[in-house]
Structures are given as C-alpha cells and as structure tokens.
Amino acid sequence: MTTPDTARDNPVTGLNADVFPLAAVLTVLVGSNDRPFCTLGNLYRILGFMLQNRSVDPADPDAHGIPRAELIDDAIAVCKPEILRQHPELAAITKTRATSDTGILTWIADQETRYGLTVTLTPLPKA
C-alpha cells in the first residue's frame, strides 16, 4: 500500500539530490503554486535545488534556496527557462485541460510514459 509518506513522488524516497520526479518538473513547467502536480515537499525540493545559487527575494538577495511561500510563483518563473534549456524536449509539454483528479493523473502518467519518471537537473548558475 502506498501512502503519501511513502509515495514515489515524496522526496524521502532516496532519489539523488539532482534527480526529481517528472511531476515536480511538470509543476514548474506548466503548473503553479496553486496547481501543483506533485507534493509540496517536492515542489520545495526542486525549487530549493535550482535556486541554491540564486535568490528570488528582492528584500533579501542572499536568501538562496527555497523561497518564501509568497515567492513560489516567482521562483517557478525563474526556474522554468533553465529547465527547458537543460531539457529542450520538455518544451513540447502543454498544460492539461483536465480538471478532475483522474484526468490530471492520467495526463501525468502519459507524460511519464513519454519522458520518463524522473529528470536530472543542475542548479541555476550564480547570477
């Protein structure tokens, strides 16, 4: 039985630090803080990793890593182009029109079939 604490999309599963579930990458590419396709933990994990050398906080330019909650969408906007630069094949992914949980999960599964379960990334370079 899979529970939220042991699901494949949970950061405690032992993935390498630079490997992320595709659902987390999908959230950065076509989702948002309000419409995540992964656990909040994995959204924070991918943003923290990508931003380890950068800040999206105008009030604190030394605040690298996971941004404050109100800056999550800003962090997504900064990270998206770098993910597409590293993995240009992911540019073909378009937002799902599905609104039901089943439809969204089916869409995620379709993307995993096309692109794999995980994506390896490197952090954004220093600004």
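How about the stretch 95-109: which of its residues are in a helix (DSSP H, G or I) and either surrounded by 18 or more Cβ atoms within 10 Å (Cβ to Cβ) or not hydroxyl-bearing (Ser, Thr, Tyr) (or both)? 101, 103, 104, 105, 107, 108, 109, listed by residue number.
Against the criterion of being in contact with a Gly (Cβ under 9 Å, 6 or more places away or on another chain) and in contact (Cβ under 8 Å) with a residue 12 or more places away in the chain, residue 51 qualifies.
Which one is modelled with the lowest pLDDT among residues in the stretch 67-94 that are more than 20 Å from residue 118 (Cβ to Cβ) and surrounded by fewer than 19 Cβ atoms within 10 Å (Cβ to Cβ)? This residue is 68. Taking the conditions (1) under 15 Å from the mean Cα position of the chain (by Cα); (2) assigned to a loop (DSSP other than H, G, I, E, B) in turn, residue 112 satisfies each one other than (2).
Yes or no: residue 52 modelled with pLDDT under 90 and within 21 Å of residue 16 (Cα to Cα)? Judged against the criteria, residue 52 is a match.
Among the conditions (1) at pLDDT 90 or above; (2) among the acidic types (Asp, Glu); (3) not in a helix (DSSP H, G or I), residue 60 misses just one, which is (1). Of the listed requirements (1) charged (D, E, K, R); (2) buried (at least 18 other Cβ atoms within 10 Å of the Cβ); (3) under 19 Å from residue 37 (Cα atoms), residue 54 misses just one: (3). Within the option set 54, 85, being part of a helix (DSSP H, G or I), more than 13 Å from the chain's Cα centre (by Cα) and basic (Lys, Arg) holds for one residue only, 85.
The values are calculated or read from the model by the stated rules, or taken from the named source; none is laboratory data. The structure displayed is predicted, hence computed values, not measured ones. Ideal geometry is used to build each Cβ from the backbone, glycine not excepted, and the neighbour counts take in all protein chains shown.
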